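Let me begin by presenting the structure, written as structure tokens, before commenting on it.
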């Protein structure tokens, strides 16, 4: 089952004094690109959080945030008394008119007046945070799986259309060879020169062999069948499907360059169109 790299998950937990919300958004990316917004309260746990997220989500552009809401009793902000005194002293030296209360009101709005003290996280609180994280990750992966089902259906449809067009080429093969022969004979007759019939047939065989597309057709069919196999059996198939699509493109391009037949060229255009759809979709497959 395929998974998309697009996902979303949000969960919340409450401790005695805090409401903790974890939100994860993911988009497609060639590698793991993890952006973390985290409260200073859990800053020393960032590496552990990154490790858990990376192991669960594997790849993608990931936006992760922990939002903390204080529910009342606990407040870790402290006033930096020395900073306040220094600000008041500086204001007095500037001989600004005002009372001590006026200076105090101005001082407490200055930078670095309030500081947050580090709070040791209890094991119980951290356990709740991890449960919240795992819940969010599970929601993201459920979202990715749902999106993956739609991607899988689309990719199989596009690949099937390519193989159908490939099968249709077969009915134009004989007509193509006859057309090439007639074209060469016409060109020779217009030159009004004598030529060795046996030599002509030898050259014709050589020329037709140069235009033969059987090997390309066989390889393209094999690539298509492998494409389906990877979809059905690989959990993280995005990069592999992208490589297979590149190989399919090479065979389709070669068939187009050798075709020498308008109907086959039309089928090649249809196959290229379906292949572009495949490439676009595989960019979002995990």
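The values are calculated or read from the model by the stated rules, or taken from the named source; none is laboratory data. Values in this document were obtained by computation on a predicted structure and should not be read as measured data. In this analysis, Cβ positions are derived from the backbone assuming ideal geometry, glycine residues included, and neighbour counts consider all displayed protein chains.
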Practice item. Examine the stretch 53-65 for a residue that is surrounded by fewer than 12 Cβ atoms within 10 Å (Cβ to Cβ) and part of a helix (DSSP H, G or I), and state whether such a residue exists. Key: yes
Review point. Hey, does the stretch 148-166 have a residue that's within 30 Å of residue 19 (Cβ to Cβ), in contact with a strand residue (DSSP E or B) (Cβ under 9 Å, 6 or more places away or on another chain) and either modelled with pLDDT under 75 or buried (at least 16 other Cβ atoms within 10 Å of the Cβ) (or both)?
Key: no
Check your understanding: Which residue out of 130, 155, 137 is in contact with a helix residue (DSSP H, G or I) (Cβ under 8 Å, 6 or more places away or on another chain), under 30 Å from residue 267 (Cβ atoms) and in a helix (DSSP H, G or I)?
Key -> 155
